[in-house]
Amino acid sequence: MATRRRYVAVEALCEGVLPRREEVFEALRQSFAKLFGIAALSRANLRLVPIRRWPYEDVFIVSCAHNYVDQVRASIAFVERVGNARCVLRAVRVSGTIEALRKRLIEAQARFEPGMRAPSQSDR
């Protein structure tokens, strides 16, 4: 049986230059392992989701097993540094599909930036 997955949009707020997504993801994995152990990290099956034409440079998507969403959110809150930069991570949204997550992020951004248009089908 296939593992049910959830997709978590994570925003990285860092001092200075924004680190690469891979560096931020590794800091998240280390935080998870520190809080819950390596066995739980393995069961959570954390993955960095590569997405082409992603308009948010400070937001990335992490996938995990559906029953580890709360642990992933806790791990996100405990990240303080990525490399040499001080960073704060924030779980923006959680969804069962990448497409629904993308739509929710666009809707949320449109509420905060009224002049912004939603991307058309050709932009995706």
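Things worth noting here:
- Of the residues making up the stretch 46-77, just one is touching a residue at least 60 places away in the same chain (Cβ under 8 Å), farther than 21 Å from T3 by Cβ and either assigned to a helix (DSSP H, G or I) or of a type outside the set (D, E, K, R) (or both), namely P55.
- Tally of residues being under 14 Å from the mean Cα position of the chain (by Cα), among the charged types (D, E, K, R) and either surrounded by 20 or more Cβ atoms within 10 Å (Cβ to Cβ) or more than 16 Å from A44 (Cα to Cα) (or both) across the stretch 59-92: 1
Residues are listed down the side, and each one gets a yes or a no for (1) at pLDDT 95 or above; (2) of a type in the set (V, I, T):
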site	(1), (2)
T3	no, yes
K34	yes, no
N45	no, no
I61	no, yes
S75	yes, no
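The values are calculated or read from the model by the stated rules, or taken from the named source; none is laboratory data. Owing to the predicted nature of the structure, the values given are computational and were not obtained by experimental measurement. As a convention, Cβ positions derive from the backbone with ideal geometry for all residues, glycine included, and neighbour counts pool all protein chains shown.
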